[in-house]
1. If only one of Arg59, Arg69, Arg15 is farther than 22 Å from Arg103 by Cα and open to solvent by 20 Å² or more (accessible area, probe 1.4 Å), which one is it?
2. Before we move on, is Ser123 at pLDDT below 95 and part of a loop (DSSP other than H, G, I, E, B)?
3. Out of region 4-63, which residues are closer than 19 Å to Leu87 by Cβ and basic (Lys, Arg)?
4. Go through (1) open to solvent by 40 Å² or more (accessible area, probe 1.4 Å); (2) assigned to a loop (DSSP other than H, G, I, E, B) for Gln9 and report which single condition fails.
5. With under 23 Å from Asp46 (Cα atoms), open to solvent by less than 40 Å² (accessible area, probe 1.4 Å) and of a type in the set (Gly, Ala, Ser) as the only criterion, which of Ala145, Ala100 stands out?
6. Considering (1) crowded, with 23+ Cβ neighbours inside 10 Å; (2) within 13 Å of Ser68 (Cα to Cα), say which one Leu109 fails and leave the rest.
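The values are calculated or read from the model by the stated rules, or taken from the named source; none is laboratory data. Bear in mind that the values here come from a model prediction, so they are computed numbers and not experimental data. Neighbour counts are summed over all protein chains in view; Cβ atoms, including those assigned to glycine, are modelled from backbone coordinates with ideal geometry. In case anyone asks, the SASA skips ligands and DNA or RNA and just uses the protein heavy atoms, side chains included. Shrake-Rupley method; radii C 1.70, N 1.55, O 1.52, S 1.80 Å.
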Amino acid sequence: MDTISFLRQYTSGERNFNRVNLHQAKLTKANLSGVNLSEADLSGADLSGANLSKCNLTRANLTNADLSRANLQSANLSEVNLIGADLTKVNFKETNLSGADLRGANLKLANLLGANLSESEISGADFSGANLQNANLIGSNINEAELNGANLTNAIITEQEISGEVMHIGLSHKWITWAGSY
């Protein structure tokens, strides 16, 4: 589906775009709140500054997509593919990212307050300066993830997640809720 047809249908009230192909679509600053894009192909798409709050992107392909400064608050991104995506300054507040693949993604300064990242693959992702306060990281692979300057206050994390070879963040029991130890 081309971008113009997609936006026209969305504007006319259509919200279900399950499995739509929007590969490399230009949707900069689009207001797509509440849209169902589950299993959609949005690889290489430009969604920078877009409003995707409360949307469904379950199992969508967003490989190498640009979502910088997008609003995905309270969205469902379970099992989404975000490999290599630009997620700089994205609002993921209270977003479900369980089972997501974020390998190599750029999440610098992203807001992940209360986000569910359980069972996610985030190895090699850059969370520099990101807000992971109250985030659930249980079962996630965070080996070689960059967490320099990230706010991990009350993040839920277990010893298993930090047992990888490269972890340079200096975690403190004072700031992290250790699953199974409270």
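1. None of the others qualify; the one that does is Arg15.
2. Yes; evaluated as a whole, the condition is true for this residue.
3. Lys26, Lys29, Lys54, Arg59
4. (2)
5. Going through Ala145, Ala100 in turn, just one is under 23 Å from Asp46 (Cα atoms), open to solvent by less than 40 Å² (accessible area, probe 1.4 Å) and of a type in the set (Gly, Ala, Ser): Ala100.
6. (1)
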